[in-house]
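Here's the structure we're looking at; comments come further down.
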Amino acid sequence: VERLRVYSRPSPEHKLNLVQSLKRHGISIGFCGKSPTDLRAMRAADVGFASVFRSSHIVQRNAGCLVLKDGFQVIVDALLHARESYSNLRNSMRWVLSCCLAQMLTLLIGFGLHLLYHFPMPLTLDQIIWVHAIVNLIPLIALGQDRIRGNLQDNTPQKIRPFLSKAYH
């Protein structure tokens, strides 16, 4: 599975074995099926695709995603948009967390100085809301509009372990 990228006319058992082998290696699998013999491999995959024009009704009913346009380019475009969304969400969360952490530290230090030395609070509630709006919302709009350029293979997702993985249970 690691060495070969193209398989010619695999049997239904071979398709199922390929999907299961790739999943054992930690790869997310999307399987595009046409005939009822592909159902086992589609169910074993993470996402089952079926074309409205080229697949049987049984396959369409069991697919997780129906492709309404003809051609594989639709799946490639959907993958590109999903990776763009993931990248934009990840960048937005990094920005928000870093800004909120800085704001909270400023307010906690100011509140500590206010309690200990009776300094005035560094920001009022109106100022906190305006700072939050200007520092967070305006850049997040720009971060949400980023587009991935180039080839899909250049923009593969990172392999990051989940926060609470099964190894900790």
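The values are calculated or read from the model by the stated rules, or taken from the named source; none is laboratory data. Remember, predicted model here, so these are calculated numbers, not experimental data. Ideal geometry is used to build each Cβ from the backbone, glycine not excepted, and the neighbour counts take in all protein chains shown. When the accessible area is computed, the model is the full protein with side chains, heavy atoms only, and any ligands, DNA or RNA have been set aside. Shrake-Rupley method; radii C 1.70, N 1.55, O 1.52, S 1.80 Å.
Quick look at the values:
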item	result
For His25, solvent-accessible area (1.4 Å; no DNA, RNA or ligand), Å²	90
5 angstrom amide H check on Arg54, placed H, neighbours 5+ away	none
Isotropically averaged projected area of the range 1-122, using the convex hull of Cα atoms (one quarter of hull area), nm²	12.1
Mean Kyte hydropathy of 0.5 or more with a Cα span along the axis of at least 30 Å, helices from DSSP in the chain	73-117
Area of Leu123 that stays accessible when all protein chains are in place (1.4 Å probe, Å², to 10)	50
List Trp130, Trp95, ordered by accessible area with a 1.4 Å probe, largest first	Trp130, Trp95
List Cys32, Cys100, ordered by accessible area with a 1.4 Å probe, largest first	Cys32, Cys100
Carbon/sulfur fraction of accessible area - the range 16-72, other protein chains in place, 1.4 Å, %	57
Solvent-accessible surface ranking, highest first, for Leu79, Leu16 at 1.4 angstrom	Leu79, Leu16
Lysine pairs within the chain, Cα separation less than 19 Å, 8 or more sequence positions apart or different chains	5
Å² per residue, accessible surface of the chain at 1.4 Å	78
Ile27 accessible area, assembled protein chains, probe 1.4 Å, Å²	80
Unit charges on C-beta of K, R, D, E only; dipole of the range 1-109, Debye	280
Long-range Cα-Cα pairs in the range 5-51 (distance over 14 Å), rounded percent	43
